[in-house]
1. Given 0.36 nm per residue, what is the gain on full extension from Phe65 to Ile29 after removing their alpha carbon distance, in nm?
2. Rounded to the nearest 20 Debye, what is the dipole magnitude of the chain about its Cα centre when Lys and Arg each give +1 and Asp and Glu each give -1 at the C-beta?
3. Just to confirm, what accessible area per residue do you get for the chain at 1.4 Å probe, in whole Å²?
4. Using alpha carbons only, how many degrees (0 to 90, rounded to 10) separate the axis of helix 3-17 from the longest principal axis of the chain?
5. Once the dipole of the chain is set up with Lys and Arg at +1 and Asp and Glu at -1 on Cβ about the Cα centre, which of Thr46, Ala3, Gly30 lies farthest towards its positive end?
6. With θ set to phi - 60° and the Karplus curve 6.51 cos²θ - 1.76 cosθ + 1.60, what are the ³J(HN,Hα) couplings of region 37-45 in order, to the nearest whole Hz, using x for Gly and Pro?
7. Could you work out [θ]222 nm for the chain from helices alone, using -39500 (n - 2.57) per DSSP H run of at least four and dividing by all its residues? Round to the nearest 500 deg cm²/dmol.
8. Per the 1.4 Å probe, what fraction of the accessible area of the chain, in percent, lies on carbon and sulfur atoms?
Amino acid sequence: MGATTIGALVGGAIDSMSGDDSSADGAIIGAIAANVLKVAIPVAVTYAVGWFVLKGLGEAAEMAFGNGDEA
């Protein structure tokens, strides 16, 4: 099952628990949320990994070459 289908099923199930007569609007919101998360999560993970790499390179350069105040 795709993320959109699972999001629609979960959204519909949550919406039907509230006692509404139709769970279609919850299914639509769930499908949209799943598609947004399909894009947002990889972008956030990529950003975090890149930030940690740059931070690590900066720390490694400072340990290797010092900060330049020792003259």
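The values are calculated or read from the model by the stated rules, or taken from the named source; none is laboratory data. These numbers come from a predicted model, not from an experiment. FYI the Cβ positions are ideal-geometry reconstructions off the backbone, even for glycines, and counts take in every protein chain you see. In case anyone asks, the SASA skips ligands and DNA or RNA and just uses the protein heavy atoms, side chains included. Shrake-Rupley method; radii C 1.70, N 1.55, O 1.52, S 1.80 Å.
1. Fully extending the segment from Phe65 to Ile29 adds 7.7 nm.
2. Values: 2 positive and 8 negative charges, 56 e Å.
Once rounded to the nearest 20, the dipole reads 260 debye.
3. Per residue, the chain has an accessible area of 78 Å².
4. 60 degrees
5. Toward the positive end, the furthest listed residue is Ala3.
6. Rounded to whole hertz, the list is 5, 4, 9, 5, 5, x, 5, 5, 5.
7. -29000 deg cm²/dmol
8. Carbon and sulfur: 71 percent of the exposed surface of the chain.
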